[in-house]
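Reading through the structure tokens given below for one structure.
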Amino acid sequence: MPIQLLEQANAELNIIISAAHISKSFGPLQAVREMTLEIAKGEVVGLCGANGAGKSTFMKILSGVLPPDSGELRVESVPVEFDSYGPRQAARLGVRVVHQELSLCTNLTVAENFYLEQSQQIRAVGWQKSARRMAGTILQEVFPGTRISPSVAVADLTIAERQIVEIARAASDPLLKLLILDEPTSSLNGEQTEKLLQFIRSQSERGLSFVFISHRLKEVLSVSDRLVVMRDGVMVAQQSTAETTEEQLVALMGGGDRTAIKGRPDTRRTGETTFKGRTRMAISQITRSGLDIADITLNAGEIVGIAGLEGGGQERLLQELYRQSRRRFAKGVRIDGSAIYVSGDRGKEGVFPFWSIAQNIHITEATSRGLLKYVSPASEEAAVRPWYDRLKIKAADAQDPLVSLSGGNQQKALVARALAADADIVLLADPTRGVDIETKRDLYVLFREAATAGKLVIWYSSEDEELEMADRVLVMASGQVVRELQGVEITRDAIVKASFVAAHRTEDVDQGFRHRLRMPRLGGLERSTTAFAALLLVLIALGIENSSSLSGYGLSLLLGSATPLVFAGLAQMFIVTASDIDLGIGNYMAFVNVVSATVLLRHSLLGWLMLVGGIVGYGLMGALIHQRRVPSVVVTLGASFIWYGLAVSLAPVPEGSSPAWLTAIFNVTVPGIPEAITMCVVIGVVTYFVLMRSKYGTVLRGFGNNILSISNAGWSALKARVALYVLAGVFGTFAGLAVTATTTSSDANGTSAYTLLTVATVVMGGGELVGGVVEPIGVVFGALTLSLVGSLLGFMGVNSNYQSGVQGLMLLLILAIRLLQRKGAKQS
């Protein structure tokens with residue numbers, strides 16, 4: 001073979017991914033135009049550009065998240081068919097991406113999130129232990145010294161810790177050849193960032209390729225081999241990192257002169273202001289939310305920076321100050337004026353994703369004028385337009401959906417909302433996270449203008465050098481202010497030094513604090529304790545009213561009627577796991593009740609076919625909801641009329657009887673234990689292990705929390721929803737059969753109350769109506785409690801008409817207790 005051909009062949013073998021003439025549009029907005037890029041084995045490519053330049057869109061195309069409108073893609077010289085190229089296929093080829101907007105399932109543990117993406121690498125027997133071992137090993141490999149427990153729920157982690165988990169999870173893939181990191185350090189502190197950069201350097205030496213996207217240009221320059229700059233969807237530059245300075249890179253991105261980036265020459269306050277001596281906030285004592293702060297005065301016209309290592313209490317302080325500003329009588333804080341809070345976690349605490357850009361910017365100002373005051377489109381446009389134009393939000397129009405924006409442009413809208421509200425105190429929780437340099441510079445000027453106008457700006461930033469423009473910087477560690485820097489003392493080096501010295505001094509305290517925050521969850525069972533306590537109280541009250549009710553025979557009688565509600569509550573729980581609601585479960589139970597007491601008794605085969613048909617009907621409902629995106633309340637309410645119509649058609653009046661075998665099944669006894677208790681314990685344990693401990697049950701719970709995450713991990717979202725609905729149909733069928741065994745007849749109108757009761761049992765048991773948070777054992781406790789309330793009221797001589805009211809009061813009481821528990825957990 002000629003030398004030229006041999007060199008060409010070797011070069012092709014060395015190319016991990018090759019994209020040619022890739023284009024992608026979203027309506028009139030062309031996000032990517034004719035992008036061509038090759039990435040070699042072991043190469044680190046720094047991809048730079050302003051927000052909206054098309055970086056994330058291009059990377060989503062490379063990783064299979066989005067199909068392009070045109071272009072070609074090859075992975076290790078193998079052409080990619082975009083019709084079948086998705087995240088799972090990309091991962092099999094070795095291409096993975098860590099998105100700027102994190103895609104973890106927050107209702108699952110760290111280890112369970114690892115399992116979702118690496119299920120084939122985790123053994124079947126003892127899979128949870130294997131997943132925890134994998135998660136712990138990879139976390140330590142990528143971020144040595146991290147104290148994140150694989151058993152902790154992701155919901156209990158900070159944004160930085162979630163980002164660490166996301167990066168480590170992607171890096172755990174044994175097939176990995178190219179890892180795309182989109183703003184991976186946006187929430188990380190300096191120490192965590194350096195560990196990640198060291199990992200990238202070491203892995204690139206071993207042949208792993210990276211695309212590193214970041215607005216922190218020093219990081220890009222320190223870790224990359226080659227720079228690719230995009231502007232308005234087009235590649236405008238491609239050159240060696242070694243030949244590029246930071247100033248040149250800024251100019252290539254269209255960001256202008258580097259000297260204006262920090263903002264210090266233009267935005268540092270000079271001289272005294274007319275607001276000297278006017279106190280906006282005076283903190284006398286705060287000892288809540290893990291904070292211990294006293295004797296701090298914050299004045300109008302100041303920018304006060306909040307610094308410290310991650311987890312030092314910076315964001316907790318801002319949140320506590322905002323909470324106190326909303327109270328008529330603040331505790332430990334004297335506040336002069338109104339306050340507005342800007343979160344760095346825009347997805348969780350900031351934006352309204354289904355609203356337009358204009359509505360997101362205008363909401364705070366609109367509500368401040370009165371909740372019932374009409375807001376005309378013209379007035380909204382007039383109020384929003386100056387901020388929309390000034391921040392250069394990249395969209396076709398202010399009425400476009402907010403979700404059409406890039407992450408950085410969404411953050412611009414969030415900042416614009418705060419400044420448009422014209423509050424006296426502006427609380428900023430890392431507001432420039434994921435924002436490009438040009439926008440940062442504009443925001444710095446806006447923050448100084450706000451202070452010059454007499455506002456107090458309190459600003460936490462994970463980028464210490466940003467705070468060089470502040471008038472004062474409070475350095476925090478373990479919930480305390482351990483150092484205050486003023487004027488010329490404020491430098492990045494001084495902030496970093498103070499942060500690490502403070503962290504060293506408070507290491508013991510900090511470790512104790514973190515230990516409390518990172519206590520492993522008890523498999524979710526702790527959420528069921530309130531429902532269990534309520535059940536015990538009802539049983540105690542029953543024993544006081546009638547001591548014989550707690551005998552074996554008495555409990556059998558009392559709990560016998562609870563079995564249908566236990567099954568029905570669990571059926572509703574499976575629907576709620578998908579973040580849906582079933583408004584037809586009561587009428588479905590009536591259908592099963594009628595079929596089992598009449599058709600099944602007379603025509604066995606036909607009866608079984610009808611019951612199986614009912615379960616299949618539930619599966620079809622799940623498919624319809626998922627495929628056509630029809631709200632579950634619409635589909636299940638429509639189905640409820642069908643179930644009820646079938647039931648009434650089969651048995652217009654109560655008739656029939658329970659088959660002997662069915663009665664026998666629901667009267668299975670264990671010596672010394674009432675049959676109802678046996679049945680409920682078996683049901684609860686089985687469903688707990690199916691949903692909470694099984695591998696696919698983890699997938700189903702993850703689906704209810706984050707469909708995109710499940711889909712990107714390669715699981716079928718359609719199959720997940722259909723599976724949950726089929727399980728609901730199975731348990732709904734058992735519920736209807738239990739009604740037949742309990743009442744020994746059919747009644748099409750006898751189960752209508754069960755629908756709302758099932759929702760109550762799920763909530764009482766510790767579940768949430770959204771987010772895939774459910775507790776099977778708690779549902780059983782809740783169902784038993786609600787069923788026993790009626791018996792208790794009967795013993796007390798209370799009219800049965802009040803039963804629903806008492807059940808509702810119990811539900812409200814339990815919700816109040818759970819709210820207090822949640823509040824206490826946040827403050828601990």
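Projecting the Cα atoms of L539, S604, P353 onto the charge dipole of the chain (Cβ charges, centred on the Cα centre) puts L539 farthest toward the positive pole. Remark: the chain carries a charge dipole of roughly 1280 debye about the Cα centre, counting +1 on each Lys and Arg Cβ and -1 on each Asp and Glu Cβ. In terms of packing, defined here as the mean over residues of other Cβ atoms within 10 angstrom, the peptides 329-341, 206-218, 56-68 line up highest first as 56-68, 206-218, 329-341. The separation of region 387-450 from region 18-34, counted between C-alpha centres, amounts to 26 Å.
Quick one: which of 543-551, 450-458 comes out on top by average Cβ neighbours within 10 Å, and what's the full order, highest first? All intermediate terms of the calculation are to be shown ahead of the outcome.
Numbers: 543-551: 14.0, 450-458: 21.0.
Packing order, densest peptide first, comes out as 450-458, 543-551.
The calculated 222 nm mean residue ellipticity attributable to helices in the chain amounts to -15500 deg cm²/dmol, summing -39500 (n - 2.57) over DSSP H runs of n ≥ 4 and dividing by all residues. Couplings for region 412-418, taken from phi via the Karplus curve 6.51 cos²θ - 1.76 cosθ + 1.60 with θ = phi - 60°, read 4, 4, 5, 5, 4, 4, 5 Hz in order; Gly and Pro are left as x.
Exposure check, 1.4 Å probe, all protein chains in place: T364 carries approximately 40 Å² of accessible surface. Across D442, D83, D173, the residue with the most accessible area heads the list, and the full order at a 1.4 Å probe is D83, D442, D173.
At 0.36 nm per residue, and after removing the present C-alpha to C-alpha distance, how many nm does the segment from E489 to A40 gain when stretched out fully?
On the way: separation 449, 0.36 × 449 = 161.64 nm, distance 4.53 nm.
Here the segment from E489 to A40 would lengthen by 157.1 nm.
Only the Cβ atoms of Lys and Arg (+1) and of Asp and Glu (-1) were treated as charged; on that basis the dipole of region 583-703 about its Cα centre amounts to roughly 520 debye.
Determine how large the accessible area of C680 is when every protein chain is in place; take a 1.4 Å probe and give Å² rounded to the nearest 10. Rounded to the nearest 10, that gives 10 Å².
Taking the chain on its own, what percent of its Cα-Cα pair distances exceed 48 Å?
Cα-Cα pairs in the chain separated by more than 48 Å: 30 percent.
Taking only the C-alpha atoms of region 640-739, Rg followed by Dmax gives 18.3, 52 Å.
Given R₀ = 22 Å, what would the calculated FRET efficiency be for L756 paired with V616, taking r from the Cβ atoms and rounding to 0.05? Kindly include the intermediate steps, with their values, before the conclusion.
Working: r = 26 Å, r/R0 = 1.17.
Efficiency, rounded to the nearest 0.05: 0.30.
How high is the relative contact order of the chain, given as a whole-number percent (alpha carbon pairs under 8 Å, six or more residues apart)? Before the final figure, lay out each step's value.
Values: 1562 pairs, mean separation 109.1, N = 828.
For the chain, the relative contact order is 13 percent.
Highest mean first, the peptides 562-568, 792-798 sorted by other C-beta atoms within 10 Å per residue fall in the order 562-568, 792-798.
The values are calculated or read from the model by the stated rules, or taken from the named source; none is laboratory data. Predicted, not measured: the structure shown is a model, and the values here were computed from it. Every residue, glycine among them, receives a Cβ derived from its backbone with ideal geometry; neighbour counts consider all protein chains shown. Ligands, DNA and RNA are stripped out before the accessible areas are found, and what is left, the full protein with its side chains, is counted by its heavy atoms. Shrake-Rupley method; radii C 1.70, N 1.55, O 1.52, S 1.80 Å.
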